[in-house]
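So the structure is just underneath, and the comments pick up after that.
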Ligand SMILES: [Zn+2]
């Protein structure tokens with residue numbers, strides 16, 4: 001069994017044997033119900049001994065799902081986690097499509113693209129843009145560090161022109177539109 005950070009309203013999902021489950025917190029003990037039960041009426045429930053060592057643990061399966069398993073479930077979840085990590089790391093430099101295209105080239109996810117299991121335009125484009133919006137550069141300690149951040153930062157890099165250093169070693173950061181360079185020169 002694998003624990004996957006939740007998609008919507010941050011609910012944690014569990015993947016076991018090509019099916020997804022949510023923990024049922026109302027009952028006693030560790031009860032997990034099929035994640036699709038409201039849609040499919042599936043009543044499959046599994047039980048765990050504890051929440052440690054999920055991958056090596058004895059899992060009690062009660063019956064059968066009334067819908068087919070999804071062989072690429074785990075891979076899709078791994079893709080989802082990996083692309084979000086990458087977007088957060090590289091939010092300062094990449095366009096959304098560049099991040100997605102990078103993921104396409106990774107061998108481990110090749111199958112998902114061949115099967116058309118991951119969608120850029122209707123799904124990941126929005127997710128990536130949302131993370132971009134929420135991801136800001138860190139806190140610089142001085143203008144030199146701010147200079148380095150601004151060169152990479154997507155929001156300002158088009159009109160940030162760099163750092164100028166005076167003879168007394170004081171510095172200034174220059175924000176200017178390219179069209180203004182000529183009149184001012
Ligand atoms: Zn089910």
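Across the range 83-115, the number of residues qualifying as part of a loop (DSSP other than H, G, I, E, B) and either within 16 Å of the ligand (Cβ to nearest atom) or closer than 23 Å to residue 16 by Cβ (or both) comes to 1.
When the range 83-121 is filtered for residues that are under 22 Å from residue 13 (Cα atoms) and over 15 Å from the mean Cα position of the chain (by Cα), the ones remaining, listed by number, are 108, 112, 117. The residue that is farthest from residue 122 (Cα to Cα), counting only those in the range 52-65 that are within 16 Å of the ligand (Cβ to nearest atom) and surrounded by 14 or more Cβ atoms within 10 Å (Cβ to Cβ), is 59. Where residues in the range 23-42 are under 14 Å from residue 63 (Cα atoms) and near the ligand (Cβ under 8 Å from one of its atoms), which of them is surrounded by the most Cβ atoms within 10 Å (Cβ to Cβ)? Going through the qualifying residues, I end up with 34. So the check is Cβ under 6 Å with 6+ separation or different chains; which pairs have a first residue in the range 38-57 that's on the phi > 0 side of the Ramachandran plot and a second one that's modelled with pLDDT of 90 or more and in a helix (DSSP H, G or I)? Listed by first residue and then by second, the contacts come to nothing, as the list is empty. Among the conditions (1) within 11 Å of the ligand (Cβ to nearest atom); (2) free of Cβ contacts under 8 Å to residues at least 12 places away in the same chain; (3) within 16 Å of residue 12 (Cβ to Cβ), residue 68 misses just one, which is (3). Kindly indicate whether any position in the range 10-22 is surrounded by 13 or more Cβ atoms within 10 Å (Cβ to Cβ), part of a strand (DSSP E or B) and more than 15 Å from the ligand (Cβ to nearest atom). No, there is no match, as no residue in the range 10-22 is surrounded by 13 or more Cβ atoms within 10 Å (Cβ to Cβ), part of a strand (DSSP E or B) and more than 15 Å from the ligand (Cβ to nearest atom).
Just one of the listed residues (48, 54, 111) is farther than 24 Å from residue 131 by Cβ, touching a helix residue (DSSP H, G or I) at 6+ places or on another chain (Cβ under 7 Å) and modelled with pLDDT under 95, and it is 111. Reported count of residues in the range 135-185, each being more than 25 Å from residue 87 (Cα to Cα) and assigned to a loop (DSSP other than H, G, I, E, B), is 9.
Of all residues in the range 49-81, those satisfying the criterion of being in a helix (DSSP H, G or I) and more than 19 Å from residue 30 (Cα to Cα) are 73, 74, 75, 76, 77, 78, 79, 80, 81. Just one of the listed residues (118, 99, 93) is closer than 30 Å to residue 71 by Cα, surrounded by 13 or more Cβ atoms within 10 Å (Cβ to Cβ) and at pLDDT below 90, and it is 99. Looking for something more than 14 Å from the chain's Cα centre (by Cα) and within 15 Å of the ligand (Cβ to nearest atom) - is there at least one such residue anywhere in the range 73-82? There is at least one residue in the range 73-82 that is more than 14 Å from the chain's Cα centre (by Cα) and within 15 Å of the ligand (Cβ to nearest atom).
The values are calculated or read from the model by the stated rules, or taken from the named source; none is laboratory data. Here the structure is a predicted model, which is why all the values come from computation and not from measurement. With ideal geometry, Cβ positions are generated from the backbone for all residues, glycine too; neighbour counts draw on all protein chains shown.
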